[in-house]
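Heads up, the thing below is written out as structure tokens.
Every number in this text was worked out from the coordinates using simple rules, so none of it is lab data. All of these numbers come straight from a predicted model, not from anything done at the bench. Cβ: placed from backbone, ideal geometry, glycine included. Neighbour counts: every protein chain shown.
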Amino acid sequence: MSPITVGIIGILLLFVLLGLRMQIGFAMALVGFLGFFVLNSFEAGVAVLGIQPYKTAAHYTLSVIPLFLLMGQFANHSKLGSEVYDMLYRWIGALPGGLSMATVGACACFAAISGSSLATAAMFGTIALPEMQKMNYSDALATGCIATGATLGILIPPSSVLILYGILTEQSISKLFIAGMVPGIALSLLFVATIFVMTRIRPQIGAPGPTFSFREKLVALKSTLGLIALFVLVIGGLYTGWLTPTEAAGAGAFGAMVVMLLKRRLTRANLIGSLKDTASATAMIFGILIGAMIFQYFITLSQIPDQLAQKVVGLAVSRYMVLSLIVGAFIILGCFMEGLSIMVLAVPIVFPIIVQLGFDPIWFGIIITLTMEMSLITPPVGVNVFVLSGVARGIPMNTMFRGILPFWLAMLVCIILLIVFPEIVMFLPNSMY
């Protein structure tokens, strides 16, 4: 058999294993080993299994993953998410749909130090949903804004998805983080605009909340100084070049621990819980990445990416047509697979095409991350929706997915804007030191 035939069989086998619910890291490692065995030799396959796990895990750049995860855990136990929600609740909650707008804003702010969409969905499902239910918000709007607002955690840095993309494609993690800032803010504003339009058309779905005095607003703003300091420390350090991604992650984790200590929440139970959760999430991500690297070597050996890139570039169609097909394929895959799985499976195959078409790899990373956000709320998988359903008991899943639709369309609008105006993504990373 030709290498390309073996590669196609390997990809099909991988989908079969995923359909049998094998963990994606193990599935990719197994297919990669079998591919090496067929295309090269049994010894070559064993050598890859012996060398690649250590080579991947010992990569210095990967130390940012546990450190940023630890920062998010400390921030979570410090109740920074509830404090920023309370602050926004007091400042804009009196607007029509204001509680939903505050939820989106709080999700965006918490994403800046957490990086976990699932944790954000669970947290604000507990904090914001009861408040909106008290104000008789529609269940669709309440759950829709939480599930979609939580997706901002993988776009606004720090983001484990952007870290994985940077490692898989050998791009600057610092530039990817900075590139995600403006699109993350723009998407947050699109969500707020969506809520504004929905409540203008149907005022009964999102009544205005209570009004607070200016002094009460200032007191709430003061309580978020810890989160603001962490954001300036991490993102400011990366943008100015004072800190590498690893140094920024270490500084952020230490700063979050200091905030936790100052708020008198650094208990033995919280510390041990943070370390355990960080270790568990790190092991999961490293397992996926090790399997992805083994699979990537096999796919490269099969010559599929190079041959596919040459054929696509040779087509007499616009490069934007090819890009649209790739983005559409990612969105469709999001209906059936979780975002990280799509990233490690598809990026090694399509990335050479993007490079040969002349698109900027940093810009493409943000576009693909946006499609990963969409996969978190796209039925039938919609991981964020399933996490939220565990908190929002009594609200049917079809109601949640109905509430997500307007925000899903806002994400699609954001992707189109970034394709038409790539400067939205690139002007900050291009101005970095």
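Here are some notes:
- Net length available on complete extension from Arg200 to Ser41 is 50.7 nm, with 0.36 nm assigned per residue and the Cα-Cα distance removed.
- Order of Leu118, Leu187 under a 10 Å beta carbon neighbour criterion, fewest first: Leu118, Leu187
- Karplus (6.51, -1.76, 1.60) ³J(HN,Hα), θ = phi - 60°, over segment 222-234, in Hz, Gly and Pro reported as x: 4, 5, 9, 4, x, 5, 4, 4, 5, 5, 5, 4, 6
- Signed unit charges on C-beta, dipole axis of the chain, positive-most listed residue Gln296, Ala44, Gly149: Gly149
- Test item: Cα-centred dipole of segment 128-234, Lys/Arg +1 and Asp/Glu -1 on Cβ, debye: 320
- Directionally averaged shadow of the chain, computed from the convex hull of its alpha-carbon atoms, nm²: 21.5
- Cβ-Cβ FRET estimate between Ile185 and Ile4, R0 fixed at 30 Å, reported to 0.05: 0.10
- Taking each residue as 0.36 nm, the span from Lys222 to Ala207 lengthens on full extension beyond its C-alpha to C-alpha distance by 2.7 nm.
- Inter-label distance for Glu170 and Leu275, nm, one decimal - labels placed 7 Å from Cα along Cα-to-Cβ: 3.8
- Within the straight-line cut-off of under 30 Å between alpha carbons, the lysines reachable from Lys55 are Lys175, Lys276, sequence neighbours fewer than 8 places apart in one chain being disregarded.
- Unit charges at the beta carbon, dipole of segment 3-430: most positive-side option, Ala281, Met372, Gly72: Gly72
- Vicinal HN-Hα couplings computed from phi for segment 85-95 (Karplus, 6.51 cos²θ - 1.76 cosθ + 1.60; Hz; Gly/Pro x): 5, 4, 5, 5, 4, 6, 7, 10, x, 7, 7
- Per-residue HN-Hα couplings for segment 179-188 [Karplus 6.51, -1.76, 1.60; θ = phi - 60°; Hz; x = Gly/Pro]: 5, x, 5, 5, x, x, 5, 4, 5, 4
- GNM top mover of Ile331, Ile127, Ile113 - the chain, alpha-carbon springs below 10 Å: Ile127
- Short to long, the 5 Å bins of the Cα pair-distance histogram for segment 180-312 hold 2, 7, 8, 9, 12, 14, 13, 12, 10, 6, 4, 2, 1, 0 percent of all pairs.
- Within the shell defined by Cβ-Cβ distances under 11 Å, the residues around Ala142 carry a net charge of -1, with Lys and Arg each +1 and Asp and Glu each -1.
- Sorted by Cβ density within 10 Å, fewest first, the residues Val16, Val344: Val16, Val344
- Its relative contact order, with pairs defined as Cα atoms under 8 Å and 6+ residues apart, puts segment 3-430 at 26 percent.
- Relative protection proxy for 347-355, 237-245, 84-92, from highest mean packing down: 84-92, 347-355, 237-245 (other beta-carbon atoms within 10 angstrom).
- For Lys134, the lysines whose Cα comes closer than 27 Å to its Cα, not counting residues fewer than 8 places off in the same chain, are Lys79, Lys217, Lys222.
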